[in-house]
Each structure stands twice: as C-alpha cells, then as structure tokens.
Amino acid sequence: MRRAAPLALVLTLALPAQVPAPAATPTGSAAAAQAGIERALAFFVQTQNHDGSWGSTSCETTMEMVFAVETHYAWSVAAHGLATMALLRAKPTPAVQQALDKAVQWLCDCRMTMRGSSWDNDAVWGWLYGAVAMTTIAQDDRYRSDRWRERVANRGREFVGWLQKNQEPTGGFGYYDDPPWTQRPKWGTSFATASVVPSLGMAQRLGWLGDGAVTERAAAYVRACRLPNGAYEYDLSPVPRVGGGEHINNVKGSLGRIQVGNWALRTAGDPQITDAVVRRGLEQFFEHHKFLAVARLRPVPHEAYYYNAGYFFYFGHYYAALAIELLPAAEREPFRIQLRQKLLETQRADGSYCDFLGSSYMVTSSTAFATLGLMAGS
C-alpha cells in the first residue's frame, strides 16, 4: 500500500501546535483533565457558527473528493452530534448553555442526511450519531420542557427510523455497499454497529423504536464479530479472518474496536462481557497503544501497522473511557490516568484535537471524542 509520510508531515505542520497540560499539574491527574476539558469547551464556544453548527459541510481536502457531496454533510452532522454531547455533559456556564441550546436547535432542524450514491452510504454516520445524541439529549431535564420535548422526540424518531430502514440483513450498520446495489445495504461493520446498540435500546424505552428486534439483531451482529483473542472483526464474515502477520483482525489492528464492542455488549446486558473481559480489553489497549498512536494524522486510511487508520484514535479512546467506567470503582483510576495522559499530550494550543486529515468535521469529532473521554471519569 502507498505510504504518504511527506503529506502527513505537511498536514501536521499546517495545524495548530500541540501543547501538553501545564507542567505544574501531573499530566494524568483529574485536575489536568479538567483543564483540558475547559480548553476544549472554549474552542467549541469560540468556533461555533452563527446558526449553531461547527465548521463546514463541504469537501475540504482533495483526499476525500472520491466521496459523494452528500457524504461530507453527513460527516458534519455526525460530528455535530458528538460536539453537542460534549456540551451537554459540561458544567452549564452561561456561554456553554447558550452554545448548547444553539447546537440542539441546529440538530433538531437540520436537513436529514441521505445516501450519496450507489456505493456510498456514509449518511449512516449522521443517523448513528444523530440517534446517539438525541437519545442522550432526551434524558436531560433541560430538554424535557414543552419547548423542546416534541422537537427532540420527533428528530430522534427520524434518525432511528433511517437506521431501521438501513440495517443490513445480518443486523449490522455500514457505510458502503457492494454490487448489486440495493436499497437496503448489505454490509456492516462491528464498530459502527456497536456505537449505536445502547442508544437503540434507549430509543425503545423512549417509544421511538417499536421493533425491538432491531436492537437485538444489532447486538447479535456485534457479538458474532467477537473473536477468541478479544478482538472484534472489522466486519462479520462467515469464516472469521484472523490471518498471520499484520492482519486487521489481530488485537493490534482491533484496538479501536475492542472497547466499543465490549462497552456496547456489556451495556446491552451480555453476560459474556464480564469485568475480566473489559479489563483485558483495556490492558490490550494500553499495551499496544503505539500501533494506534502511529496511525494518527496519517492521510491514507489503514496505511499504518495492522491496518490501523488515523480516525480510530479518538474514537477508540472515547470508548475506552466508557469501558473503564464499567469496572469496579477501585480499578478505574489507574486506567483513567493512562487515558488522560494519552489524550492530553495530543491536545493542540487552541484546545482542539485532530486525528485525520484536518477537515473541520474531523476536528469537531476528534475534539468531541477526546473531551467526552476526559469527562467520562469526572
């Protein structure tokens, strides 16, 4: 596969400098995490567009011109959902609350994402994190008032409804399709599916999803992707693919998928995902972390060792943070310290984060994932 280190270097130099937490504060401490959270929240408040959105909905790099125009909008909607969740989780200062209200309003009113072409169904990212965001917003007392309740519920039903229409036959959710092209896609991935399993369960409880089999099929898909070595297959195969060498389904190639898979199944009540399984997954994450770290900011997907891609970096850290909180309370802090260190050492001078290309929606999603990861243990 083509390697592109020179372009990665150019992109890195073009982005704001990274800055570690203040030297006077231990880098893995709760205080350092809080300082990082506040810098990121300030970034969101200061860079929010007048209409409540962030960044652009257009193609911003030649590296992504192969995708449908609609896809760039879908990625922006997904990133917006994540940023909204970070503001929702934050201490509600006047500035944060104002930004949050504008963000929720935009998410309720924005145009629904649509499939961009025969093969490119990246619209699913808008539906996935739209559903995750709306089910989270619906549980917040600030958005249960007469002003918000129906707007949130109606938009939540829309996101969930589009997911239901696009659940592939084996239960997963994916963002591409193969010929022959069909209205209902035929391909899913373990990590995209896992990201929404708990929210589908919440959608049922909120009355937004009448067919409980949708959630059950999604959980079964993720469960079927789990391998004996603790990794999760990238996508479900009739015969699991665990080849030799730098295979993507090796644990070192699954670092960004193990945590979301374990978290989703454990949250859905799967008895097989015990404390020991969650603990081992986190140990693997930090033991082999360098293989995820080396992929960050590489411009070609899956070009790093074990086919790791840059955009799994903050995704993986966020779900690792959620997995940590599943462990007994006495075991959490040592893992939290490691996670805080890994995240804070990559925060940039303006409070933002980025793990892939530098498109505005990647900056928004990276910053949201990282901030939510720091918030998980606070």
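Out of all the residues in segment 249-262, which are touching a Lys or Arg at 6+ places or on another chain (Cβ under 8 Å) and either surrounded by fewer than 18 Cβ atoms within 10 Å (Cβ to Cβ) or in contact (Cβ under 8 Å) with a residue 60 or more places away in the chain (or both)? Hit for segment 249-262 is GLY261, nothing else.
Which numbered condition trips up GLU70, out of (1) surrounded by 17 or more Cβ atoms within 10 Å (Cβ to Cβ); (2) in a loop (DSSP other than H, G, I, E, B)? For GLU70, the exception is condition (2).
Of the residues ALA4, ALA8, ALA32, the single one that is surrounded by 12 or more Cβ atoms within 10 Å (Cβ to Cβ) and at pLDDT 85 or above is ALA32.
The set of residues in segment 42-95 being of a type in the set (A, V, I, L, M, F, W, C), in contact with a Phe, Trp or Tyr (Cβ under 8 Å, 6 or more places away or on another chain) and at pLDDT 95 or above consists of PHE44, TRP54, ALA74, TRP75, VAL77, ALA78, ALA79, LEU82, ALA83, ALA86, LEU87.
Filtered by the rule that a residue be under 15 Å from PHE191 (Cβ atoms) and in contact with a helix residue (DSSP H, G or I) (Cβ under 6 Å, 6 or more places away or on another chain), segment 269-305 gives GLY281, PHE285, LEU292, ALA295. When LEU265 is tested against (1) touching a Leu at 6+ places or on another chain (Cβ under 8 Å); (2) touching a residue at least 60 places away in the same chain (Cβ under 8 Å), just one condition goes unmet, and that condition is (1). Evaluate the following for ALA131: is it within 29 Å of ARG89 (Cα to Cα), touching a helix residue (DSSP H, G or I) at 6+ places or on another chain (Cβ under 7 Å) and surrounded by 17 or more Cβ atoms within 10 Å (Cβ to Cβ)? Judged against the criteria, ALA131 is a match.
The values are calculated or read from the model by the stated rules, or taken from the named source; none is laboratory data. Note that the structure is predicted; figures quoted are calculated from it, not measured. Quick reminder, even Gly has a Cβ in these numbers, built from the backbone with ideal geometry, and neighbours come from all protein chains shown.
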